[in-house]
Amino acid sequence: MTTPSVQLPDRAGRLGELARDLWWSWNPPARQVFRTLDYPLWRLTAHNPVRMLGLVQQAAVDAAVADPRWLAMYDQAVTGLDAAHSARATWCARECPALSGATIAYFSAEFALHQSLPIYAGGLGVLAGDHCKEASDLGVPLVGVGFMYPQGYFHQSITVDGWQQETYERLEWADAPIEPALTPDGVPCVTAVPLGNRTVLAAVWLVRVGRVTLYLLDTDLEENAPWDRDLSARLYGGDRETRVQQEIILGVGGVRVLRQLGITPSVYHLNEGHAAFVVLQRIRDLCERGMDYDAALAQVRGTTVFTTHTPVAAGHDAFPFSTVENYLAGAWGDLGPYRERFLALGHYDNGGGAMFNMTALALRSAGAVNGVSQLHRDVTKEMWQPIWPDTPREQLPVRALTNGIHVPTWLSAEMAAVLDRHLGPDWLQRHDDPAVCDAVLDVPDEEIWAARQALRTFLFQFIRERARERWTHEGWSGTRLVAAGTMFDQNTLTLGFARRFTAYKRPDLIFSDPDRLARILNAPGRQVQIVMAGKAHPADDVGKHFLQRVYRHALDPKFGGRIAFVDDYDLHVAHFLVQGCDVWLNNPRKPLEASGTSGMKAAINGTPNCSIGDGWWAEGFTGANGWLIEGPTASREPGEQDWIDAQALYALLEERIVPAFYARDLHGVPRQWVQIVKEAIRTVLPRFSTRRMVKEYVREMYGPALRAPLPVA
Ligand SMILES: *Cc1c(COP(=O)(O)O)cnc(C)c1O
């Protein structure tokens, strides 16, 4: 925890508290408090108030406290924080009183809450972070359990030749919004986790997210052997052996941590299979209280909720049985006699022989399972049918609960200001009501267009400052600066593509016919530019080759300096991209994109999607709120399908997207374009918000799990 560099006057005495509750990050008055306290420092620290308070000068604090407007904001922020913590009149208290006094434990290997806490890699983490923030807003009694990775996820840099380099930075603990979690006795919580024949200790960090608390496990303790200290060092950084040990620490250790903290969850939500060892510790606990194995499994099943996130095979961890048995050696306790039966829960043969599969374990031990879009539900049923060999496909216990995004986190201040003026007071409180958002259609076109222009300008300023940084401090060549977007034009139609570089997302699809693309980008008076970003998984050389190809295109003069690659994609970069681009491009190989969420973030800011009908877009596209990339026939041969999809994409750009963007009236407003923008906001904002999503989790998953009958012990 940072000690402030200066003496905080009593009048602003709660600044430290405000900085250490990530609630500040999605509540405008609190953001303004830090932003205006010292704007250069706010920029320098990439919006990290904890770090700011360690660096700020006394003069800046004194000036702020002498300014009545700043004090008014501060008071508003502090009042808001208190209200957020104390309010009993929450949605959850009204709608689901059964949950009051209960606790939902939400387990996830990553949480993306803010760039100052780099414990996430991508979409899975963003979903978990947004889920927590929304649970706080709705008053859902949730605690998160995850890892505090001291080195987090890697930072990406790109060589002259377009090859991704990974660097890991040790997180400065004092600059992060974390504090040691204390047991009810007031001592720092340290939990012993059995791992093979040894015991590993895990310290626990606490992160405040409004009403929600996160508990993050960290094995970097002096008492641990050096190799054990490293177990939690990096997210997805290690080999299979590291991974299985991390997952035992998360699942087995996480349950023990909650017990030690005096927290007794009623429902456990496993966000992806990584955390499925939770059920081992829980069944063991019940057996040790005298329950027999079947009854314990039934109780655990009735109170476990599982969300699966991908149809891609590599996304489902599977380990050789010998490895799992090896590392679980000390974990059985009274479950020992049922060891074989427990291991059978993870049994799954994906073609290469039976393995212990974490998703299989979760599917067999959760009473409620969901995929993250309607299409993904169907794909999940098909994929995991062998788990339930005797059940007809239609009756498989997998439901669809489509992902969403936390609107206050992702909606830009500019678009929020427009909506505040026209959607009625408190619209944000009711934004999951489609009728509230229908009023977007009545907003004057000029206001929407002005916000769009401003957001595109902010993106370009961001891109240019990044390039300036690389030029000044890293000595980048002129050519590389072009590939960083320095020749971008502020009024040109800008496509955005930012996602993980991996084969199924086809990052180079738009380059299938380079000549045709060059004609589209360079059309006089109707130019197009493309900004791309994204990391490849450190072990994914195929993904790195995609990135390299894209980077080489960005260097190629044929495209006129109209392709930019922004390195080190993270939450901070994502905000600028989803808000500032004009069109959000998504062209996965269907049906491998389970949901996708970046397109939702884009749409609510008036950046319509141009996407394959996969994931959320299969249910989000209305015909009027963006574009559907739809080839004439679905081909079975991937290369052929890629070509067909690329042709469909080019045709959309040439015939629909570019003409609509450049058709201006006498006032310079593209009326038809603004109509599409409005439809994007109107249709996506209510339906693809975590507000709708978390309410559904409460009603359809948590509520029923809470009422699950307890077997007689
Ligand atoms: C939203 C987000 C993602 C997920 O985007 P997809 O649409 O699922 O590809 C990944 N990374 C970051 C930094 C994000 O903000």
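Do we find a residue being under 30 Å from residue 434 (Cβ atoms), buried (at least 16 other Cβ atoms within 10 Å of the Cβ) and within 16 Å of the ligand (Cβ to nearest atom) anywhere in segment 622-638? Among the residues of segment 622-638, at least one is under 30 Å from residue 434 (Cβ atoms), buried (at least 16 other Cβ atoms within 10 Å of the Cβ) and within 16 Å of the ligand (Cβ to nearest atom), which makes the answer yes. In segment 143-195, how many residues are crowded, with 19+ Cβ neighbours inside 10 Å, over 19 Å from the mean Cα position of the chain (by Cα), small (Gly, Ala, Ser) and under 25 Å from residue 566 (Cα atoms)? Number of matching residues: 1. Scanning segment 124-148 for residues being within 16 Å of the ligand (Cβ to nearest atom) and not small (Gly, Ala, Ser) gives a total of 8. Screening 46, 121 for residues that are within 16 Å of the ligand (Cβ to nearest atom) and closer than 19 Å to residue 408 by Cα leaves exactly one candidate, 46.
For segment 59-72, indicate whether the set of residues that are in a loop (DSSP other than H, G, I, E, B), under 28 Å from residue 601 (Cα atoms) and either within 16 Å of the ligand (Cβ to nearest atom) or open to solvent by 40 Å² or more (accessible area, probe 1.4 Å) (or both) is non-empty. Within segment 59-72, none of the residues are in a loop (DSSP other than H, G, I, E, B), under 28 Å from residue 601 (Cα atoms) and either within 16 Å of the ligand (Cβ to nearest atom) or open to solvent by 40 Å² or more (accessible area, probe 1.4 Å) (or both). Within segment 497-514, the residues that satisfy the criterion of being basic (Lys, Arg), within 11 Å of the ligand (Cβ to nearest atom) and under 11 Å from residue 587 (Cα atoms) are 499, 505. Among residues of segment 32-44 that are under 16 Å from residue 462 (Cβ atoms), those with a Cβ under 7 angstrom from a residue that is in a helix (DSSP H, G or I) and open to solvent by less than 40 Å² (accessible area, probe 1.4 Å), sequence gap 6+ or separate chain, pair up as 35/42; 42/34; 42/52. For segment 205-292, please list each of the helices (runs of 4 or more DSSP H) lying entirely inside it that holds at least 1 residues being open to solvent by less than 30 Å² (accessible area, probe 1.4 Å) and among the aliphatic types (A, V, I, L, M). Helices (runs of 4 or more DSSP H) meeting the threshold: 240-248, 254-260, 278-288.
Only residues that are outside any helix (DSSP H, G or I), closer than 22 Å to residue 440 by Cα and among the charged types (D, E, K, R) were counted across segment 616-671, and they come to 2. Quick check: anything in segment 371-378 at pLDDT below 95 and not hydroxyl-bearing (Ser, Thr, Tyr)? So far as segment 371-378 goes, no, none of its residues is at pLDDT below 95 and not hydroxyl-bearing (Ser, Thr, Tyr).
The criterion of being modelled with pLDDT of 95 or more, open to solvent by 50 Å² or more (accessible area, probe 1.4 Å) and either out of contact with any helix residue (DSSP H, G or I) (no Cβ under 8 Å at 6 or more places or on another chain) or not aromatic (Phe, Trp, Tyr) (or both) does not hold for residue 679. From the set of residues in segment 483-496 that are part of a strand (DSSP E or B) and within 19 Å of residue 568 (Cα to Cα), which is nearest to the ligand (Cβ to nearest atom)? Here the residue is 496. Checking each residue in segment 390-431 for being touching a residue at least 24 places away in the same chain (Cβ under 8 Å), closer than 26 Å to residue 366 by Cβ and assigned to a loop (DSSP other than H, G, I, E, B) picks out 397, 401, 402, 403, 404, 406. Helices (runs of 4 or more DSSP H) fully within segment 530-613 that include at least 1 residues being more than 13 Å from the ligand (Cβ to nearest atom) and buried (at least 23 other Cβ atoms within 10 Å of the Cβ): 541-555, 571-580.
The values are calculated or read from the model by the stated rules, or taken from the named source; none is laboratory data. Keep in mind that this is a model prediction, so the values were computed, not measured. FYI the Cβ positions are ideal-geometry reconstructions off the backbone, even for glycines, and counts take in every protein chain you see. Keep in mind that these areas ignore ligands, DNA and RNA; they rest on the heavy atoms of the full protein, side chains included. Shrake-Rupley method; radii C 1.70, N 1.55, O 1.52, S 1.80 Å.
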